[in-house]
Structures are given as structure tokens and as C-alpha cells.
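The values are calculated or read from the model by the stated rules, or taken from the named source; none is laboratory data. Please read these numbers as outputs of a predicted model, since none were measured by experiment. Note that each Cβ is placed from the backbone with ideal geometry, even for glycine, and that neighbours are counted across all protein chains shown.
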Amino acid sequence: MKVLIVGSGGREHALAWACSRSGLSPQIYCAPGNGGTTRIAENVDIKADDLGDIVDFVRKETVDLTIVGPEAPLVNGLVDKLTARGYRVFGPSKSAAGIEGSKSFSKSLMQETGVPTAEYRTFTEFDEARRYILESGGNVVVKASGLAAGKGATVCINKEEAVLVAEAMLLKCKFGDASREIVIEKCLKGSEMSLMAFSDGEDYLLLPPSRDHKRAFDNDEGPNTGGMGAYSPLDEFKPDEIAHTAESVFPPVLKRLAELGAPYHGLLYAGLMLTSDGPRVLEFNCRFGDPETQAQLPIMIEDPLEIMLAVSENRLGAWMAEHNCASNDWMKLGGDRHAVTVVAAASGYPAGYAKGMKIENLPEDTDGVIIFHAGTSLKNGDLVTTGGRVLAVTGLGDSHREAVETAYGSIAQVEFKGVRFRNDIGRGR
Ligand code: AMP
Ligand code: GLY
């Protein structure tokens with residue numbers, strides 16, 4: 001079996017890692033992959049956004065399953081191109097991926113289906129946005145409606161900042177077309193939780209719940225990033241609390257998408273805030289989380305590749321029946337292990353950062369530690385940095401505490417100029 005993984009980050013390395021351990025023993029390709037995926041897969045020199053080249057590769061190599069990692073190719077219709085030619089693919093169609101590609105669409109979907117979310121309005125005119133901000137007192141989050149590489153949401157400290165952010169987005173086109181329309185929503189308080197579910201448009205299967213740490217610095221200070229670390233599962237919640245939350249989110253949204261002619265196939269990610277009034281969905285993503293995936297896949301007992309294949313063939317329900325697994329049985333998928341993932345970033349990330357630094361003293365993977373590469377590549381035999389998030393170090397353990405200590409014991413050995421990581425991933429609870 002040939003599997004192609006589209007993308008080059010830590011999430012894609014984790015997907016390739018999971019496939020490399022699958023009983024289906026696939027031959028794995030990554031387009032374009034990174035310095036870590038070369039050890040378990042064949043890196044193909046095609047960027048994730050070169051949709052035509054990806055389709056050509058799938059045809060030429062007769063790839064059996066394409067797994068799409070990042071949101072951009074999904075929102076741009078890679079899945080539609082592949083399925084139209086009869087190829088198996090894991091990921092939503094362009095219209096279903098609109099749940100991430102347009103925050104305005106995803107908010108209206110939540111409103112229509114009664115999924116709890118923050119109060120909001122959408123704007124294309126700056127004057128109207130400004131009036132709304134001034135009237136609402138400024139306790140708001142301003143978001144570009146379209147894709148902005150994880151940087152499109154600003155939690156504003158006051159109305160002056162909110163007005164400036166809205167102006168930059170609507171009048172100065174800060175995110176190009178992605179910020180022609182903006183969402184302004186009420187700022188909520190609480191801790192966050194990421195819930196991810198496989199879905200074939202009809203059934204869903206929850207993965208172990210996880211928590212991302214989006215801010216750049218310890219104590220959740222500094223700007224939002226793509227994610228500086230994650231852990232899974234969240235044992236501060238009872239499984240039935242998680243199940244109850246998942247039930248209030250996934251079935252209504254999946255049903256509505258199917259009614260709209262956009263059944264959801266792939267991985268649906270709900271980012272939630274647990275407020276004193278109950279859970280609220282902050283966002284949906286149309287793909288696996290990064291770095292949550294690097295924590296979730298290593299603790300899975302069942303084979304993620306088998307599940308993705310079942311999703312791509314519209315037989316998730318049959319897979320679940322065979323494995324005696326109900327939608328919210330994440331304990332069965334996640335078992336008893338704990339994982340904590342800490343991201344090693346380049347100094348300056350998420351703003352400007354240098355690339356090309358030599359990475360040294362990288363620990364070898366063990367039963368308790370996996371090093372997932374993100375922004376790395378091999379140059380003349382040296383491993384060098386090519387991105388802001390460079391590595392994601394996952395520590396595993398029979399307890400959360402053990403996983404934390406294992407991850408930190410390992411990441412402390414990694415050396416490259418300016419290496420930086422948060423010291424409080426999974427520690428502040
Ligand atoms: P989003 O792109 O919508 O996921 O937002 C990115 C991050 O901004 C979230 O993970 C939260 O940390 C924060 N955020 C988004 N919406 C809100 C909100 N309504 N209230 C407070 N924080 C938010
Ligand atoms: N970790 C946040 C995301 O993948 O969007």
C-alpha cells in the first residue's frame with residue numbers, strides 16, 4: 001500500500017510516524033516532508049500548495065491513500081481534485097473545509113445548529129466595525145474570516161487596540177483577501193481544550209482530548225503562535241464530561257454540513273474554551289491540530305492509518321462496530337498512556353526569525369521519547385532549521401507527570417542557536 005502525506009510540519013511527521021508503525025506496512029511518501037520524515041518516508045519535492053503536481057504524483061505512483069495535513073490545500077480543493085479522479089483521500093472537500101476557511105461560515109453554522117459559541121458579528125465595512133467595537137466596550141477578539149496561518153485572531157486589551165486591528169485588517173488588507181471580512185466576537189475567559197474527531201460524514205470517533213498552548217511565552221504571555229506545546233489526554237475532566245461536550249458539538253455540525261451537500265470526511269477539530277457558563281467553541285479546523293497530533297497519535301492503541309483508510313472509504317461506522325468502539329470511547333483509542341509535547345522554536349518566532357542554524361545533540365527516539373521534526377531539513381548531511389517551530393519533542397509516560405519530565409529531560413539536550421521553548425507545558429495544573 002502506498003500512502004502520501006501532504007505537508008512538512010511536525011503534524012505531518014507524526015502522521016508519517018504513525019503510518020510507519022501501522023500493521024498495513026505502507027510505503028510512505030511525504031510532499032514535501034522535512035528532515036525527520038526522510039528517516040521513515042521518501043520525501044518528494046512537491047510543495048503542499050502545488051495541487052496539480054500532487055495530483056500528477058498520485059496518478060504516476062498510483063498512491064492508494066493521500067492524507068492531507070495542512071488547511072490551505074484542503075480549502076483550495078485538493079480533495080475534490082483527487083476524488084474526481086477516483087483516488088482515495090483523507091480530508092474534507094473544499095466546501096466542507098469552509099468550516100475553517102471562513103470563520104464567518106463556521107460561526108453561522110454554529111448559530112444555526114445551536115453549538116455554543118461566543119456572541120459575534122461579521123463586518124466588511126470598517127466604520128460599522130468601529131461603531132460596534134465602541135458600543136461593545138472593546139472586550140473583543142478580532143478575527144480575519146479567511147485563512148491567516150494561525151495569526152488571524154487578536155485578543156484585544158481595549159477598544160483602541162480593537163479598532164486598530166479592525167482597521168489593519170479591513171482597510172490595510174493585513175491578511176489580503178483573508179481579512180476582507182472580519183469576525184468580531186466577545187472575549188471569553190477560561191481554559192482551552194482541543195477536541196478532534198474522525199468523521200466519514202455520518203459517524204464520528206473522538207480522539208483523546210488534548211490541550212494546546214498557543215501563546216509564545218510561559219504563563220500564556222506574548223503573541224499567539226501556531227502552538228508551543230500540547231498534552232493529551234486531559235485527565236482533569238471525567239470521560240463523560242468530555243463525551244457530553246463532544247455530543248453537543250460534533251453531531252449537529254456534521255448533520256448540518258451533510259444537509260448543505262458538504263458531508264465532512266476527515267478530521268474535524270473543535271477548539272473550545274471552558275467558561276464558567278459551560279464550553280464554547282472558538283473555532284473549527286478542518287485538519288489535525290499541530291502540535292496536538294504529536295501528543296495524540298503516540299498514545300493511540302488502535303491504528304490511525306486503518307481508521308483514516310476506513311474514513312476515506314466511508315466505512316467508519318463499520319470499523320467502529322468491528323472494534324466495539326462508540327463515538328466517544330476515546331479511552332479505548334487512547335488507552336492509559338500520557339503524552340506531553342514541547343516545541344523547540346527559533347528565537348524571534350512567531351515574528352521574524354533566522355533559518356539555517358545547525359541542529360546538534362538531537363536525542364534518539366526511545367520508547368518514552370519521540371522527536372518530531374517541523375522546520376528542519378538535511379543540507380549536506382547536516383540537520384538545519386528551516387522554520388519557526390523547529391522540533392516537537394513528545395515525552396510519554398504512565399502518568400502526566402512522568403510524561404512532562406520525560407519531554408523536558410529530552411528537549412533540554414537539543415542545541416541550535418537561539419533555541420527557545422516554553423517551560424510550563426503541562427506543568428501549570
Ligand atoms: P482562533 O483562530 O479562532 O482559534 O483563535 C486563536 C486563539 O485566540 C484561540 O485559541 C484562543 O486562545 C484565542 N481566542 C479566540 N477566540 C477567543 C474568544 N472569543 N475569547 C478569548 N480568546 C479567544
Ligand atoms: N494547534 C492549533 C492548530 O492546529 O490550529
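What to note about this one:
- Among residues of segment 207-228, those that are in a helix (DSSP H, G or I) and touching a residue at least 24 places away in the same chain (Cβ under 8 Å), counted: 2
- Selection count where residues are out of contact with any Gly (no Cβ under 9 Å at 6 or more places or on another chain) and either closer than 23 Å to ALA153 by Cα or assigned to a helix (DSSP H, G or I) (or both), scope segment 229-246: 7
- For segment 142-161, the set of residues classified as more than 16 Å from ligand 2 (Cβ to nearest atom), surrounded by 15 or more Cβ atoms within 10 Å (Cβ to Cβ) and under 25 Å from GLY352 (Cβ atoms) consists of VAL142, CYS156, GLU161, listed by residue number.
- Near pairs, Cβ below 6 angstrom, 6+ apart or cross-chain, from segment 263-287 (farther than 19 Å from PRO73 by Cα and touching a residue at least 60 places away in the same chain (Cβ under 8 Å)) to any residue that is small (Gly, Ala, Ser) and away from ligand 2 (no atom under 12 Å from the Cβ): MET273/GLY190; LEU274/GLY190; LEU274/SER191; THR275/GLY190; ARG280/ALA118
- Elements of the type strands (runs of 3 or more DSSP E) sitting completely within segment 324-429 and holding at least 1 residues that are surrounded by fewer than 14 Cβ atoms within 10 Å (Cβ to Cβ): these cover 376-379, 382-385.
- Number of positions in segment 140-156 that are in contact with a strand residue (DSSP E or B) (Cβ under 9 Å, 6 or more places away or on another chain) and within 9 Å of ligand 1 (Cβ to nearest atom): 10
- Filtered residues of segment 139-150 (kept if touching a helix residue (DSSP H, G or I) at 6+ places or on another chain (Cβ under 6 Å) and either over 10 Å from GLU185 (Cα atoms) or charged (D, E, K, R) (or both)): LYS143, ALA144, SER145, GLY146, LEU147, ALA148
- Enumeration of residues in segment 107-116 that are in contact with a Ser or Thr (Cβ under 9 Å, 6 or more places away or on another chain) and either free of Cβ contacts under 8 Å to residues at least 60 places away in the same chain or among the polar types (S, T, N, Q) (or both): SER108, GLN111
- Remark: ARG215 falls outside the filter, which requires a residue to be surrounded by 24 or more Cβ atoms within 10 Å (Cβ to Cβ), within 16 Å of ligand 1 (Cβ to nearest atom) and closer than 29 Å to ALA346 by Cβ.
- In the set PRO208, PRO239, PRO252, PRO233, only one residue is surrounded by 23 or more Cβ atoms within 10 Å (Cβ to Cβ), of a type outside the set (A, V, I, L, M) and more than 18 Å from ARG287 (Cα to Cα); that residue is PRO233.
- When each of LYS172, LYS189, LYS159 is tested for being away from ligand 1 (no atom under 16 Å from the Cβ), over 20 Å from SER106 (Cβ atoms) and either touching a Phe, Trp or Tyr at 6+ places or on another chain (Cβ under 7 Å) or not aliphatic (A, V, I, L, M) (or both), the lone residue that passes is LYS172.
- Residues that are within 16 Å of ligand 2 (Cβ to nearest atom) and surrounded by fewer than 20 Cβ atoms within 10 Å (Cβ to Cβ) were ranked within segment 176-203; the one that is farthest from the chain's Cα centre (by Cα) is SER191.
- Selected residue [farther than 30 Å from VAL340 by Cβ and of a type in the set (Gly, Ala, Ser)] from ALA149, ALA118, ALA129, ALA197: ALA129
- Selection status of VAL249, in a helix (DSSP H, G or I), out of contact with any helix residue (DSSP H, G or I) (no Cβ under 8 Å at 6 or more places or on another chain), of a type outside the set (Gly, Ala, Ser) and within 16 Å of ligand 1 (Cβ to nearest atom): yes
- Selection within segment 271-312 - of a type in the set (S, T, N, Q) and either within 13 Å of ligand 1 (Cβ to nearest atom) or outside any helix (DSSP H, G or I) (or both): THR275, SER276, ASN285
- Which numbered condition GLY348 fails, given (1) on the phi < 0 side of the Ramachandran plot; (2) touching a residue at least 60 places away in the same chain (Cβ under 8 Å); (3) out of contact with any Leu (no Cβ under 8 Å at 6 or more places or on another chain): (1)
- Flag if GLU125 is more than 15 Å from ligand 1 (Cβ to nearest atom) and modelled with pLDDT under 95: no
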